[in-house]
Amino acid sequence: MVTALLKHLLNCPHYPTIYNTINLNLLFTKKIFYYYFLCNFKKYLKIKKLIRSR
């Protein structure tokens, strides 16, 4: 999905390339932060469950 999005963004002729790269960087950072947050949250929930079960 990400690669398709990348190709689409890079092939857009109506946007200048600089704007495109900035957009891509923002998109990637948002995605990375989101996934990182999700992973941490899941770990946190697992730990909480373990503590409760003891």
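Here are the numbers for the structure shown:
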| item | result |
| --- | --- |
| Test for Leu50: is it part of a helix (DSSP H, G or I), of a type in the set (A, V, I, L, M) and modelled with pLDDT of 80 or more | yes |
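So that you can scan it fast, the table gives a plain yes or no per residue for (1) exposed (fewer than 10 other Cβ atoms within 10 Å of the Cβ); (2) hydroxyl-bearing (Ser, Thr, Tyr); (3) at pLDDT below 75:
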| residue | (1), (2), (3) |
| --- | --- |
| Thr3 | yes, yes, yes |
| Asn11 | yes, no, yes |
| His14 | yes, no, yes |
| Thr17 | yes, yes, yes |
| Lys30 | no, no, no |
| Lys42 | no, no, no |
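The values are calculated or read from the model by the stated rules, or taken from the named source; none is laboratory data. Since we're looking at a predicted model, the values are computed, not measured. A quick note on method: Cβ atoms are made from the backbone with ideal geometry, for glycine too, and the neighbour counts reach across all protein chains shown.
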